[in-house]
Amino acid sequence: MIDKELLDILCCPETKVPVEVLSEDKLKALNEKIAAGEVKTIDGRKVNEPLDAGLITEDGRTIYRIDDDIPIMLIDEGIRADQIA
């Protein structure tokens, strides 16, 4: 799991909105959409691998994956959260 101190300083690299841990319900919904081939990154690439964990901006707009406890905070690799609405 991501360190609380790190989580407190992380924010969206584009909008500077703080992030929080993606809930289990939203993670499950996102992974179901990924399995169905319905999720793309912000730069338009299809997401093929399910997320083990993720961060979502507090405004609920963007999701960033966490790989091996490392947040991948790259704008192009973000996922628009409206894809799981």
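Details
- Options Ala53, Val39, Ile9, ranked by Cα towards positive dipole end of the chain, top entry (Cβ charges): Val39
- Rg/Rh (Cα only; Kirkwood hydrodynamic radius) as it applies to the chain: 0.93
- The long axis of helix 24-35 is offset from the longest Cα principal axis of the chain by roughly 40 degrees.
- Mean residue ellipticity at 222 nm, helices only, the chain: -6000 deg cm²/dmol; runs of at least 4 DSSP H residues each add -39,500 (n - 2.57), and the sum is divided by the number of residues.
- Ranked list, fewest to most other Cβ atoms within 10 Å of each Cβ, for Ile79, Ile42, Ile9: Ile9, Ile42, Ile79
- The slack between Lys40 and Cys11, meaning 0.36 nm per residue of separation minus the straight C-alpha distance, is 8.4 nm.
We did not get these values from a lab; they are worked out from the coordinates using the rules stated. In this text, all values refer to a predicted model and were calculated from it rather than measured experimentally. Every residue, glycine as well, gets a Cβ built from its backbone with ideal geometry; the counts of neighbours run over all protein chains shown.
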